[in-house]
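Before any comments, here is the structure.
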Amino acid sequence: MKRSMLLPVLAGLAMGLATQSLTLAQPAAPAKPSEAAKPTSAQAKLPVKTADDLPRHTYQIEGKASEFIKSDKPFKDFASKVRTDVESDLAKYDITDPTTLKDFYGLLQGIAVLDGRWNDALSYIEKVRAIEEKESKKLMAGATLLSYTTALKASDNGKDKSKFEAAFKEALDKRVGALPWDKVREEVTATKGRADIMRPELVLGMVQGQLDPVVEQQKGELSGDLARGLVTMRVGIDVMIPLMPMVSEVYGKIIDNHKTAAKDIWADRAITLTEKDKATPVIVCIWDSGTDVSIFKDRLWVNKKETVNGKDDDNNGFIDDVNGIAFDLDAKPVPSLLYPLDNLKTELKTAMAHTKGLGDLSANIDSPEKKSLIEYMNSLPKEKVTPFMEDLSQYGNYSHGTHVAGIAQDGNAFARLLPIRIEFDYRSIPLHAPSVERAKNEAKAAADSVNYMKKAGVRVVNMSWGGSRKDIEDELEKKGVGKTTEERAAMSREIFKIQRDALEAAIKGAPEILFVAAAGNSDNNNTFAEFIPSGLNLPNLITVGAVDQSGKPTGFTTFGENVRFYANGFEVESYVPGGQRLKYSGTSMAAPNTTNLAAKLIALNQSLTVAQTIELIAAGGDPMNGDSKRLLINPKKSVELMTSKK
């Protein structure tokens, strides 16, 4: 279930604008909530403390999902059932998690638009704004829908197409153009990037590759999560895609009017340690998807008892572990520290070019790679969408660990990297189904990995990956395991407990090592979502969220009570295998920036304990927007505080 915390650029293509849904249907009077959604006055709502407490629903559809999504009455009846269940859940359960509520409100808004219930659809804008904690998203909420209704009034309910388009663009430009650019920059540029490549074939290709196999295995049955996703994708096809050329045009002009780059706060906070500084080498573990060690020749930990000869020279259970150890997808030890290139379906240069193109698209940077990507995606048939996304995911896994390693050692001549490779599955339908046996293998691998770190003298570990119980439940459904949702839920709890307990015990058993976890990229609460390792609460583990170059929280960063530290996780440049450099975004990048600081503090003072290191990071941090519970790391200040105490 492990996933990297690199932000997947394509993840929000079909769903990213769900809370701004609109269509060309005629306005209609708002429908009354279904009877099932009305609680009695004496009925106490059921508490929901984690995602596991949410009710589960199933739905039956006919034929392939990729065909069903294009149907008329059958799909409307299906969407109506989904709506009834969501409204009933909101009435019956005490749901306080903002992300869950926003997802539900966004879905209900989309269904209302599909039905032509405009008053209902507009009402959800304020509901979302009321609970949205990120300023950029609060400001942008409903921008498209409100602009649409304005245009509808000016064009005889959309009958005059030219008037509608002119009025829509004018309203959107007026509404978004007036917003503070420093607050909405990321949202606007990311939305334009999606608009440039969003096509019906893209969404249908996602349905065909990701849902058709599940529907076939489950004999027409879909879980509530997948059903809600299918409804949102229909909203994307019917609603958003026709507007994308206009959205791209308007947002492109707004971006052009703000050519000044956002202020970068990180350059002034940086600290560099050179060979001339009085410091001691510090061993930093990159627990990740693999590292191209050839790039970091002078900054590697070396096992002097081992040589590369295909043998276990020091009898520690690992072959050729000169610089570190590795495990494959089965959690079995293997010699390779780098994700195996021979499994990559596309050529390395092509995959890297597409990855760079996606990054440039998201950041609105003109480049040959961006142009090539847009041309490629605009001609991509739906049957090739999922293979394309899997290729990108596989390259992301291949490059992830190296990118993280580059950030962790940057500007630190005393860093000694020790990679421990774990393999992430890149497939839309996982290769293996989760099981108790596999969970026990992963548990042993986690224990063996931490024991290896302890024997090697590791002081700091970076973990830019994670997973949740819900991930396991989803994978069980995708693999056709379990007869009912309740059975899959029970299986997921058992498997997750094995993984969580083993990881927690391994970290707890190494109190002398500081573990740094990436918070996640789902814009949600890591405790409610039951994320590990990010949601674990241990004295020797810190969890890091992502901000941009100006110190503003990114739209994707996960949050939570234990997400105390924040670091740059937006368009961070680092190495990828082969030595080239690319910019990636994600809490995957924020975590190693914090690992980098911890390693420098320890290099300057080897006697620092884990608690003292964390205290120095906190003491040097700056409250984010005046919130002392959330701190922006400040490497220069933390180092100055430490040296002043010597």
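The values are calculated or read from the model by the stated rules, or taken from the named source; none is laboratory data. Note that the structure is predicted; figures quoted are calculated from it, not measured. When we count neighbours, we look across all protein chains shown, and the Cβ atoms used for this are built from the backbone with ideal geometry, even at glycine.
Give just the number: which of (1) more than 22 Å from Lys183 (Cα to Cα); (2) at pLDDT 95 or above does Val563 not satisfy?
Only one criterion in (1) more than 22 Å from Lys183 (Cα to Cα); (2) at pLDDT 95 or above is unmet by Val563, namely (1).
Among the numbered conditions (1) among the small types (Gly, Ala, Ser); (2) modelled with pLDDT of 95 or more; (3) buried (at least 24 other Cβ atoms within 10 Å of the Cβ), tell me where Gly411 comes up short.
(3)
From the residues in segment 42-77 that are over 30 Å from the mean Cα position of the chain (by Cα) and of a type in the set (A, V, I, L, M), which one is modelled with the lowest pLDDT?
So in segment 42-77, the residues over 30 Å from the mean Cα position of the chain (by Cα) come out as 42-45, 62-63, 71-74, 76-77.
From what's left, of a type in the set (A, V, I, L, M): 42, 44.
Details: Ala42: 46, Ala44: 90.
Selected residue: Ala42.
Would you mention how many residues in segment 132-179 are without any contact (Cβ under 8 Å) to a residue 40 or more places away in the chain and under 30 Å from Phe559 (Cβ atoms)?
Residues flagged as without any contact (Cβ under 8 Å) to a residue 40 or more places away in the chain and under 30 Å from Phe559 (Cβ atoms) within segment 132-179 amount to 6.
Scanning segment 451-477 for residues that are of a type in the set (Lys, Arg) and buried (at least 21 other Cβ atoms within 10 Å of the Cβ), which turns out nearest to the chain's Cα centre (by Cα)? Step through it out loud before you land on a result.
Of the residues in segment 451-477, the ones of a type in the set (Lys, Arg) are 454-455, 459, 469-470.
Of the ones still in play, those that are also buried (at least 21 other Cβ atoms within 10 Å of the Cβ) are 459, 469.
Values: Arg459: 27, Arg469: 16 Å.
My answer is Arg469.
Just to be sure, is His403 at pLDDT 90 or above, touching a helix residue (DSSP H, G or I) at 6+ places or on another chain (Cβ under 9 Å) and not in a loop (DSSP other than H, G, I, E, B)?
Numbers: at pLDDT 90 or above: yes; touching a helix residue (DSSP H, G or I) at 6+ places or on another chain (Cβ under 9 Å): yes; not in a loop (DSSP other than H, G, I, E, B): yes.
Yes, satisfied.
State yes or no: is Val284 more than 24 Å from the chain's Cα centre (by Cα), within 22 Å of Gly569 (Cβ to Cβ) and of a type in the set (Val, Ile, Thr)?
Values: more than 24 Å from the chain's Cα centre (by Cα): yes; within 22 Å of Gly569 (Cβ to Cβ): yes; of a type in the set (Val, Ile, Thr): yes.
Answer is yes for this residue.
For segment 133-147, state whether one or more residues are surrounded by fewer than 19 Cβ atoms within 10 Å (Cβ to Cβ), under 26 Å from Arg469 (Cα atoms), modelled with pLDDT under 95 and of a type outside the set (Gly, Ala, Ser).
So far as segment 133-147 goes, yes, one or more of its residues are surrounded by fewer than 19 Cβ atoms within 10 Å (Cβ to Cβ), under 26 Å from Arg469 (Cα atoms), modelled with pLDDT under 95 and of a type outside the set (Gly, Ala, Ser).
Quick check: anything in segment 462-472 among the aromatic types (Phe, Trp, Tyr), at pLDDT 95 or above and in contact with a helix residue (DSSP H, G or I) (Cβ under 6 Å, 6 or more places away or on another chain)? Spell out the reasoning first.
Residues of segment 462-472 among the aromatic types (Phe, Trp, Tyr): 465.
Subsequent filtering for residues that are at pLDDT 95 or above retains 465.
Now restrict to residues that are in contact with a helix residue (DSSP H, G or I) (Cβ under 6 Å, 6 or more places away or on another chain): none.
Looking through segment 462-472, none of the residues is among the aromatic types (Phe, Trp, Tyr), at pLDDT 95 or above and in contact with a helix residue (DSSP H, G or I) (Cβ under 6 Å, 6 or more places away or on another chain).
State which residue pairs qualify: first residue at positive phi and inside segment 579-599, second residue surrounded by 24 or more Cβ atoms within 10 Å (Cβ to Cβ) and not aliphatic (A, V, I, L, M) in any location, beta carbons under 8 Å apart, and separation of 6 or more residues or different chains.
From segment 579-599, the pairs are Gly586/Ser4; Gly586/Ser464; Gly586/Asn521; Gly586/Phe556; Gly586/Gly569.
Quick check on my filter: what residues within segment 214-271 are at pLDDT below 95, buried (at least 16 other Cβ atoms within 10 Å of the Cβ) and of a type in the set (Gly, Ala, Ser)?
Of everything in segment 214-271, those that are at pLDDT below 95, buried (at least 16 other Cβ atoms within 10 Å of the Cβ) and of a type in the set (Gly, Ala, Ser) turn out to be Gly229, Gly236, Ala262.
State yes or no: is Asn364 polar (S, T, N, Q), at pLDDT 95 or above, surrounded by 13 or more Cβ atoms within 10 Å (Cβ to Cβ) and assigned by TED's automatic domain parsing to the domain that holds Val282? I'd like the intermediate steps shown before the answer.
Values: polar (S, T, N, Q): yes; at pLDDT 95 or above: no; surrounded by 13 or more Cβ atoms within 10 Å (Cβ to Cβ): yes; assigned by TED's automatic domain parsing to the domain that holds Val282: yes.
The answer is no for Asn364.
Find all pairs meeting these conditions: Cβ atoms under 6 angstrom apart; at least six residues apart or on different chains; first residue within segment 370-392 and touching a residue at least 24 places away in the same chain (Cβ under 8 Å) and outside the structural domain of Ile197 (by TED's automatic domain parsing); second residue of a type in the set (Val, Ile, Thr) and surrounded by fewer than 19 Cβ atoms within 10 Å (Cβ to Cβ).
Asp391/Thr346
Any residue in segment 468-496 that's closer than 18 Å to Asp425 by Cβ: show its pairings with residues that are of a type in the set (Phe, Trp, Tyr) at Cβ separation under 8 Å, as long as the two are six or more apart or on different chains.
Ser468/Phe496; Ser468/Phe531; Arg469/Phe496; Ile472/Phe496
Identify the residue in segment 578-620 that is in a loop (DSSP other than H, G, I, E, B) and crowded, with 22+ Cβ neighbours inside 10 Å and, among all such residues, is farthest from the chain's Cα centre (by Cα).
Ser585
Run down Lys382, Lys370, Lys297, Lys356 and say which single residue is of a type in the set (Lys, Arg), out of contact with any Lys or Arg (no Cβ under 7 Å at 6 or more places or on another chain) and surrounded by fewer than 16 Cβ atoms within 10 Å (Cβ to Cβ). Talk me through it step by step, then tell me what you get.
Numbers: Lys382 fails: surrounded by fewer than 16 Cβ atoms within 10 Å (Cβ to Cβ); Lys370 fails: surrounded by fewer than 16 Cβ atoms within 10 Å (Cβ to Cβ); Lys356 fails: surrounded by fewer than 16 Cβ atoms within 10 Å (Cβ to Cβ).
Exactly one residue qualifies, and that residue is Lys297.
For segment 180-224, how many residues are small (Gly, Ala, Ser) and free of Cβ contacts under 8 Å to residues at least 60 places away in the same chain?
If we filter segment 180-224 for residues that are small (Gly, Ala, Ser), which is where we start, we get 190, 193, 195, 205, 209, 220, 223-224.
Cutting the leftovers down to free of Cβ contacts under 8 Å to residues at least 60 places away in the same chain gives us 195.
Residues in segment 180-224 being small (Gly, Ala, Ser) and free of Cβ contacts under 8 Å to residues at least 60 places away in the same chain: 1 in total.
Within segment 623-646, track down each residue that is buried (at least 16 other Cβ atoms within 10 Å of the Cβ), in a strand (DSSP E or B) and touching a Leu at 6+ places or on another chain (Cβ under 8 Å).
Answer for segment 623-646, where residues must be buried (at least 16 other Cβ atoms within 10 Å of the Cβ), in a strand (DSSP E or B) and touching a Leu at 6+ places or on another chain (Cβ under 8 Å): just Met624.
If I ask for residues that are touching a helix residue (DSSP H, G or I) at 6+ places or on another chain (Cβ under 8 Å) and more than 15 Å from Thr144 (Cα to Cα), which ones from segment 159-175 would you list?
Lys163
Any chance you could count how many residues in segment 308-321 are surrounded by 19 or more Cβ atoms within 10 Å (Cβ to Cβ) and not aromatic (Phe, Trp, Tyr)? Let's see the steps before the verdict.
Initially, segment 308-321 is screened for residues surrounded by 19 or more Cβ atoms within 10 Å (Cβ to Cβ), giving 318, 320-321.
Subsequent filtering for residues that are not aromatic (Phe, Trp, Tyr) retains 320-321.
So the count comes out to 2.
Mind counting the residues in segment 287-300 that are in contact with a Gly (Cβ under 6 Å, 6 or more places away or on another chain) and not small (Gly, Ala, Ser)? Lay out the reasoning, then the answer.
Of segment 287-300, the ones in contact with a Gly (Cβ under 6 Å, 6 or more places away or on another chain) are 288-291, 295.
Still in the running and not small (Gly, Ala, Ser): 288, 291, 295.
Total meeting the criteria: 3.
Kindly indicate whether any position in segment 173-193 is more than 32 Å from the chain's Cα centre (by Cα), farther than 30 Å from Glu383 by Cβ, surrounded by fewer than 21 Cβ atoms within 10 Å (Cβ to Cβ) and basic (Lys, Arg). Give the derivation first.
Just the residues of segment 173-193 that are more than 32 Å from the chain's Cα centre (by Cα), to begin with: none.
Checked against the condition, which is being more than 32 Å from the chain's Cα centre (by Cα), farther than 30 Å from Glu383 by Cβ, surrounded by fewer than 21 Cβ atoms within 10 Å (Cβ to Cβ) and basic (Lys, Arg), segment 173-193 yields no hits at all.
Return the residues of segment 277-332 that are touching a strand residue (DSSP E or B) at 6+ places or on another chain (Cβ under 7 Å), assigned to a loop (DSSP other than H, G, I, E, B) and of a type in the set (D, E, K, R); say none if nothing qualifies.
Asp328
Quick one: would you say Ser550 is among the hydroxyl-bearing types (Ser, Thr, Tyr), surrounded by fewer than 19 Cβ atoms within 10 Å (Cβ to Cβ) and either without any contact (Cβ under 8 Å) to a residue 40 or more places away in the chain or not assigned by TED's automatic domain parsing to the domain that holds Ser638 (or both)? Before you say what the answer is, go through the steps one by one.
Numbers: among the hydroxyl-bearing types (Ser, Thr, Tyr): yes; surrounded by fewer than 19 Cβ atoms within 10 Å (Cβ to Cβ): yes; either without any contact (Cβ under 8 Å) to a residue 40 or more places away in the chain or not assigned by TED's automatic domain parsing to the domain that holds Ser638 (or both): no.
For Ser550, the condition - among the hydroxyl-bearing types (Ser, Thr, Tyr), surrounded by fewer than 19 Cβ atoms within 10 Å (Cβ to Cβ) and either without any contact (Cβ under 8 Å) to a residue 40 or more places away in the chain or not assigned by TED's automatic domain parsing to the domain that holds Ser638 (or both) - is not met.
What are the residues in segment 66-87 that are in a helix (DSSP H, G or I), out of contact with any Pro (no Cβ under 9 Å at 6 or more places or on another chain) and of a type in the set (A, V, I, L, M, F, W, C), if any?
Hits for segment 66-87 are Phe75, Phe78, Ala79, Val82, Val86.
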